[in-house]
Amino acid sequence: QHMLSGFSSVTHLPFPLIVHNLAIRLLSSIFGIQLNPFWFRIPAAFWGTATVPALFLLLRQRLSRPVVWLATAWVAVGFFPVYYSREAYFYAPLMALAAFTLHFWLCGIEALSCGNRLTKRAMLGLVLAGTAMVHSHLIGLLTQTVLCAGALTAAGLPRHSRWRIPGACRLAALSAVPLPSLIHISESTSLPRHSCAVFCLKNNSEFAHS
């Protein structure tokens with residue numbers, strides 16, 4: 001019941017819960033497995049594993065090699081990353097999606113600082129990863145809001161380019177794309193309005209924190 005109520009709460013948003021339950025139901029239908037706490041933790045383990053290359057991608061060309069490998073190793077074997085990667089909850093996807101979102105956002109900042117236009121890869125990655133992150137947890141929402149405001153600072157970059165100001169505005173707009181969709185979620189007070197979520201969550205909620 002806690003997980004079901006968490007779907008509509010301020011801090012716990014629906015994306016991880018829907019993806020986790022869809023994955024579990026898919027595994028159950030393909031392999032004929034019986035739902036239990038072990039299988040319910042598998043999606044979080046995949047998210048936690050994805051955090052390792054995501055952080056490496058984020059830091060690889062931006063920090064020194066020892067710092068990159070030390071940070072990546074800590075995410076791979078550190079207590080809190082491993083703990084949250086074995087918990088059938090919201091934090092493992094938040095870690096991975098935050099790393100991907102920040103990487104694509106920085107790609108945009110770096111392109112503008114070099115006097116170049118935003119690449120399609122950076123724009124698409126920012127929208128997709130940012131949207132998933134925003135719909136994962138309140139921390140994701142706050143992070144995306146900061147990125148949206150921070151993108152406008154690119155207009156003040158010293159390098160003169162005709163792409164600088166329009167590029168900064170576009171980066172801010174792309175960072176803001178995921179935010180309006182939360183208005184509907186914040187206005188929702190009951191799960192029955194989300195038929196897809198109810199279908200995914202039915203009969204599974206008791207395994208969430210086992």
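A few comments on the model shown:
- Sequence-separation-based contact order of the stretch 3-116, relative, with Cα cut under 8 Å and 6+ spacing, percent: 29
- Ranked by the mean number of other Cβ atoms within 10 Å per residue, highest first, peptides 169-179, 22-32, 78-88, 134-144 order as 134-144, 169-179, 78-88, 22-32.
- Alpha-carbon Debye profile of the stretch 103-153, log10 I(q)/I(0) at 0.12, 0.16, 0.20, 0.23 Å⁻¹: -0.26, -0.45, -0.67, -0.84
- Taking amide H as placed 1.01 Å from N in the peptide plane, His137 has its amide H under 5 Å from the amide H of Leu13, each at least 5 places away in sequence or on another chain.
- Solvent-accessible heavy-atom area per residue, rounded to whole Å², over the stretch 26-157 at 1.4 Å: 52
- Cβ crowding within 10 Å averaged over residues, with 47-59, 98-110 ranked highest first: 98-110, 47-59
- Rounded to the nearest 0.05, the FRET efficiency derived from the C-beta distance between Val127 and Leu27 at R0 = 25 Å is 0.30.
- Under the convention that each Lys and Arg Cβ holds +1 and each Asp and Glu Cβ holds -1, the size of the dipole of the stretch 45-173 around its Cα centre is about 560 debye.
The values are calculated or read from the model by the stated rules, or taken from the named source; none is laboratory data. Small disclaimer: the values here were computed from a predicted structure and weren't measured. Glycine also receives a Cβ, built like all others from the backbone with ideal geometry; neighbour counts cover every protein chain displayed. Calculation scope for accessible area: heavy atoms of the full protein, side chains included, ligands and nucleic acids excluded. Shrake-Rupley method; radii C 1.70, N 1.55, O 1.52, S 1.80 Å.
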